[in-house]
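Derivation of every value follows stated rules applied to the coordinates shown; laboratory data play no part. Given the structure is predicted, the values throughout are model-derived calculations rather than measurements. Note that each Cβ is placed from the backbone with ideal geometry, even for glycine, and that neighbours are counted across all protein chains shown.
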Amino acid sequence: MIHGRMVALAVAALLATGCASGSTVPPPTPQQQAQSAAQYPTESSAARFILANVGRSGATVRAPQGRGGGDDDDGDRSELQLPTLQPCGMGTFATDCSVWIFASGHSTRAAARSTQSLAGASPPALNFCRDGGAFPADLGPPATPSQLLFATYTFGLNYAGTKSTPIVTFVTRSGNVTLQGTFTGNSTSAPSIMLTPVLTTGASRGWLVFFTWSWPADILLVPYEINEIQLAASSSPLVIPAGGSATLGAFDCLGRKIAARTSGSGFGFNRNLSGEAVTSPANELNVPVFAGAHPSGFINLTDDQGAQVAVPVR
């Protein structure tokens with residue numbers, strides 16, 4: 001799958017991971033984890049360094065948060081051994097953003113394509129939502145463009161750096177997505193990378209990891225999310241004037257109720273700032289949040305199928 005030098009790479013870089021509770025994809029067994037960890041290209045010094053801890057921590061299955069647990073799921077990024085990375089926009093990270101060039105992406109579904117307006121050279125929004133086309137109009141536009149679940153999203157990626165090829169592709173939580181059309185041989189261009197979410201009734205988060213063959217390597221991380229809670233653009237972040245209020249708006253892609261819990265100081269769901277938690281009556285959260293003189297912190301949003309997001313409050 002990664003490049004033509006090894007037959008084993010047809011299945012390399014895929015962690016045999018399951019989804020959150022409720023997923024139709026079964027969680028991996030320890031034997032499956034060990035096998036997938038051994039499949040990456042060991043003759044690549046970059047692969048040996050970056051993927052040294054893959055499959056060892058056991059943190060492969062995303063579980064629902066039972067108590068407003070916060071936005072603490074890193075999509076198994078913690079299993080990777082990475083140098084210092086810099087943000088490149090749309091949640092992507094790289095050792096050097098300038099050497100990775102994106103082409104415009106598109107979805108196979110017309111309804112999903114209408115929500116996607118990426119300019120050339122912009123990182124893709126790999127944000128899949130079962131009910132993405134039903135984002136409530138009263139919340140205004142969503143903070144992040146979403147793709148309808150089960151629609152394949154295609155984007156292009158070129159490498160313009162000087163580090164040695166081949167370019168390896170690795171997918172965390174790969175039990176929740178299929179990836180085709182990535183870099184082959186010594187190519188520095190992958191014009192049709194196709195990412196398709198796997199059928200799931202839970203929420204999942206992961207990363208596409210691209211890196212050059214030898215260490216030190218040029219590295220790129222692109223996040224993907226499936227069935228996450230979608231924030232309204234006006235709530236990301238939630239800016240509350242001192243002594244005033246602002247509306248927190250969110251939509252649950254799984255049709256579940258959204259539980260919200262404050263984490264910080266100087267704000268709450270009541271005018272006297274005492275309200276620390278609230279639950280939406282359905283899959284849309286649309287509530288006022290009140291602030292004192294200096295609001296600061298987060299509001300953690302979760303559902304019972306693993307979807308979660310932290311909303312900064314300022």
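When a footprinting reagent is the concern and you count Cβ atoms within 10 Å, what order do W207, W213 take, fewest first? Working shown, then result.
Numbers: W207 23, W213 20.
By the 10 Å Cβ count, ascending, the order reads W213, W207.
Counting pairwise Cα distances across the range 135-282, what percent come out greater than 27 angstrom?
Numbers: 4639 of 10878 pairs.
I get 43 percent for the Cα pairs in the range 135-282 exceeding 27 Å.
Please compute the contact order of the range 237-310 in relative form: average sequence separation of alpha-carbon pairs under 8 Å and at least six residues apart, divided by the residue count, as a percent. Intermediate values should be presented prior to the final figure.
Numbers: 167 pairs, mean separation 29.0, N = 74.
Answer for the range 237-310 is 39 percent.
When you count, for each residue, the other Cβ atoms within 10 Å and take the mean per peptide, how do 129-138, 298-307, 258-267 rank with the highest first?
298-307, 258-267, 129-138
What whole-number volume per residue, in cubic angstrom, does the convex hull of the C-alpha atoms of the range 229-313 give? Please report the intermediate quantities before stating the final value.
Values: hull volume 5.8 nm³, N = 85.
Value for the range 229-313: 69 Å³ per residue.
According to a simple spin-label model (label point 7 Å from Cα along Cα-to-Cβ), what is the distance in nm between S296 and S192?
The answer from the label model is 5.3 nm.
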